[in-house]
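Trainee: Structure below; questions to follow.
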Amino acid sequence: MPAAIYPGSFDPLTNGHLSLIQRGLKMFDRLIVALLVNPKKQPLFTIEERVTMIRDAVNDPRIEIDSFQGLLVDYAQKKGVNTMLRGLRAVSDFEYEFQLANMNRKLRPDIETVFMMTGEDYFYVSSNLVREVASLGGNVEGLVPPNVLKKLKAKYSGGKP
């Protein structure tokens, strides 16, 4: 399989995401990390900030970092890719991801979704949980890349790193 899209909000990027990116590169020649622009959500970081954080955390020419609005299947068609990489942390993730995968296949029958289990070190980590803990002054070191940790500290300390 030459390429896959790893979609998500990545708000912020976690070490669990990084693990999936690195492991995904063992399966695919190229990986597009695609950030969904969702106008219904109030993200902590802008798309530009998230793209920069991902770019700073990964350094591999086989990784493209991009953003999109609308349906993932339309974005995939535009990119000429028909494989999605999705991470699973727990059984509860599977039900939601299974629904998404089947809807994507209904919308575009040539779409395939590859599910990858999150590494045992990060199965409990989510961007939402990282944001919540960081906002309350908790230590999220080791759960996010160092560059993301720095941005989180700056965001929750009024701009002071």
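The values are calculated or read from the model by the stated rules, or taken from the named source; none is laboratory data. Source: prediction; values computed, not measured. In this analysis, Cβ positions are derived from the backbone assuming ideal geometry, glycine residues included, and neighbour counts consider all displayed protein chains.
Trainee: Kindly indicate the residue of region 5-18 that is among the aliphatic types (A, V, I, L, M) and within 18 Å of Val148 (Cβ to Cβ) and also surrounded by the most Cβ atoms within 10 Å (Cβ to Cβ) among those meeting that condition.
Mentor: For region 5-18, the residue satisfying everything is Leu13.
Trainee: Of a type in the set (Val, Ile, Thr), touching a residue at least 12 places away in the same chain (Cβ under 8 Å), in contact with a Ser or Thr (Cβ under 7 Å, 6 or more places away or on another chain) and part of a strand (DSSP E or B) - does that describe any residue in region 121-130?
Mentor: No - not one qualifying residue is present in region 121-130.
Trainee: Looking for whichever is more than 16 Å from Pro145 (Cα to Cα) and β-branched (Val, Ile, Thr) here; the options are Ile21, Ile47. Which one fits?
Mentor: Ile47
Trainee: Another one. Does region 89-106 include one or more residues that are under 24 Å from Pro145 (Cα atoms), modelled with pLDDT under 95 and surrounded by 15 or more Cβ atoms within 10 Å (Cβ to Cβ)?
Mentor: yes
Trainee: Look through region 119-156, keep the residues that are crowded, with 19+ Cβ neighbours inside 10 Å and among the basic types (Lys, Arg), and return whichever of them is nearest to Arg55 (Cα to Cα).
Mentor: Only one residue tops the list, namely Lys151.
Trainee: Sticking with this structure for a sec: Any residue at all in region 70-79 that is of a type outside the set (Gly, Ala, Ser) and without any contact (Cβ under 8 Å) to a residue 24 or more places away in the chain?
Mentor: yes
Trainee: Starting from region 43-58, take each residue that is in contact (Cβ under 8 Å) with a residue 60 or more places away in the chain and list its partners that are of a type in the set (Asp, Glu), counting only C-beta distances under 6 angstrom and pairs at least six apart or across chains.
Mentor: Leu44/Asp11; Phe45/Asp11
Trainee: If I ask for residues that are among the aliphatic types (A, V, I, L, M), surrounded by fewer than 22 Cβ atoms within 10 Å (Cβ to Cβ) and out of contact with any strand residue (DSSP E or B) (no Cβ under 6 Å at 6 or more places or on another chain), which ones from region 37-56 would you list?
Mentor: Residue satisfying the conditions is Leu44 alone.
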